[in-house]
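The structure under discussion appears below in the form of structure tokens.
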Amino acid sequence: MMEIKLTHEEVMSMVETLNGFYSKVPTIQDYFLERKKEKIVNIDVEHWSKQLFNDHTLEPKDMDIVVEVVDQNTLNNLAQITISLPLESQIGRQVALGVKEGKSGKYLGFIKIASPVLSIKPRNDFFGETLRATHVNKHMVNGAIIVPTQPFGFNCLGGKLLALICTSHLVLDLFNSKYGDKMNLCFLETTSLYGNIKSSSQYDGLEPYIKYNGMTESDLFLFPSDEIYMKLRNYLRPIYGKEEWNGMLVDPVPSAPKMREYTKIIQIIKTHLKELDPEEYTKFSEFVKCCMKTKTKKRYYYTNFGYSNIKEHVLSDGEIQLEKKENFHKHSLDNLIEVWRKKSQKRWEKLNSESRLKENLEVYTLEKIQNMDYEMIR
């Protein structure tokens with residue numbers, strides 16, 4: 001049982017801090033709007049947008065697709081002005097990729113592949129059981145960001161290009177070489193942005209490379225501003241942090257340590273309130289349920305990178321060796337780009353014949369976010 005080390009005054013101060021933030025964002029749209037403003041305010045959008053592809057006349061058949069590893073600063077700035085949702089920082093295993101059109105040297109889109117959540121129903125259904133953390137951390141990753149620039153995404157099926165790249169052996173090699181014995185990657189999963197709001201996704205129509213496997217459904221913590229998170233974290237770490245975890249409140253090795261640490265903060269507050277002030281404990285518990293969480297349901301997709309026996313391999317802790325399917329070679333980067341190119345060329349030609357090609361680069365600025373009817377469009 002957790003030792004009570006905080007005073008009633010200290011705990012109530014934390015509760016008031018959280019109340020102050022979440023009471024200002026009464027709807028999920030308001031929440032994302034405020035977080036997006038916070039993320040975009042210090043970005044020089046004019047400078048970074050010059051690196052984004054914006055040539056609607058260049059046909060997919062003539063494009064030179066280049067995939068490169070990018071640093072976190074580049075990803076954060078370029079993806080933040082491209083993605084409608086606020087891009088949150090992550091710790092844990094991850095690889096960030098930028099996809100360029102080689103002739104222009106401009107970015108077509110961005111990919112961040114990172115540690116997955118420890119348990120998710122469609123994955124458990126696929127494997128027939130709830131996997132242990134060791135299974136997940138060693139063999140699996142999550143497509144956390146898979147977003148094309150616009151109008152490339154609309155004109156040329158840019159989302160499908162990025163999704164296919166995620167299933168390539170390039171991704172396997174990058175992760176396995178970066179993390180050595182800690183990784184033996186064979187499974188990548190991702191979820192749709194729109195969830196059950198739309199019946200389709202950029203991942204549809206990409207079988208056998210990417211397969212649909214049901215819907216996720218879970219409670220999602222609405223993450224506070226970085227200022228509030230850091231304030232609470234920095235106050236509690238010296239009190240409850242552990243030396244073997246480098247002072248963190250949770251073990252940093254398993255997936256999603258930042259979110260788990262925030263969950264731990266809420267747990268610490270609730271534990272103290274239950275002991276020190278049962279009435280406030282009841283109020284805060286209800287506040288967490290109604291104001292700090294939202295139900296989320298999204299379409300779930302996965303790839304096996306062309307392996308035929310990932311279930312047996314993962315469940316045996318790697319004792320059963322991975323076997324390649326006959327079409328394993330089709331997960332090469334070159335082949336996947338050609339799969340996209342054929343689909344994309346048809347799309348481009350159809351839009352061009354109908355005079356429906358979009359011409360203007362779409363990026364998010366603070367002014368646009370403040371004045372628009374803010375929708376989670378990509």
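The values are calculated or read from the model by the stated rules, or taken from the named source; none is laboratory data. Here the structure is a predicted model, which is why all the values come from computation and not from measurement. So basically every Cβ, Gly included, is an ideal-geometry build from the backbone, and we count neighbours across all protein chains shown.
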Can you report the number of residues in segment 326-375 which are without any contact (Cβ under 8 Å) to a residue 24 or more places away in the chain, outside any helix (DSSP H, G or I) and touching a helix residue (DSSP H, G or I) at 6+ places or on another chain (Cβ under 9 Å)? 1
Test each condition in (1) closer than 24 Å to Leu351 by Cβ; (2) in contact with a helix residue (DSSP H, G or I) (Cβ under 8 Å, 6 or more places away or on another chain); (3) part of a loop (DSSP other than H, G, I, E, B) for Ile83 and report the one that comes out false. (2)
Report yes if some residue within segment 264-275 is in a loop (DSSP other than H, G, I, E, B) and either in contact with a Leu (Cβ under 9 Å, 6 or more places away or on another chain) or not assigned by TED's automatic domain parsing to the domain that holds Gly153 (or both); otherwise report no. no
Thr303 farther than 30 Å from Met183 by Cα and of a type in the set (Val, Ile, Thr): no
Odd one out for Arg341, checked against (1) within 27 Å of Pro116 (Cα to Cα); (2) in contact with a strand residue (DSSP E or B) (Cβ under 9 Å, 6 or more places away or on another chain); (3) assigned by TED's automatic domain parsing to the domain that holds His169: (1)
Which residue, of Ile369, Ile337, Ile310, is surrounded by 16 or more Cβ atoms within 10 Å (Cβ to Cβ), of a type outside the set (D, E, K, R), more than 21 Å from Asp55 (Cα to Cα) and at pLDDT 95 or above? Ile310
Could you tell me whether segment 95-114 includes any residue that is assigned to a loop (DSSP other than H, G, I, E, B) and either in contact (Cβ under 8 Å) with a residue 60 or more places away in the chain or under 16 Å from Phe175 (Cα atoms) (or both)? no
For segment 284-324, which residues satisfy the criterion of being part of a loop (DSSP other than H, G, I, E, B), under 30 Å from Asn19 (Cα atoms) and either more than 23 Å from the chain's Cα centre (by Cα) or without any contact (Cβ under 8 Å) to a residue 12 or more places away in the chain (or both)? none
Here, helices (runs of 4 or more DSSP H) confined to segment 115-202 with at least 1 residues that are under 28 Å from His313 (Cβ atoms) and assigned by TED's automatic domain parsing to the domain that holds Lys342 are 121-127, 133-139, 158-166, 169-179
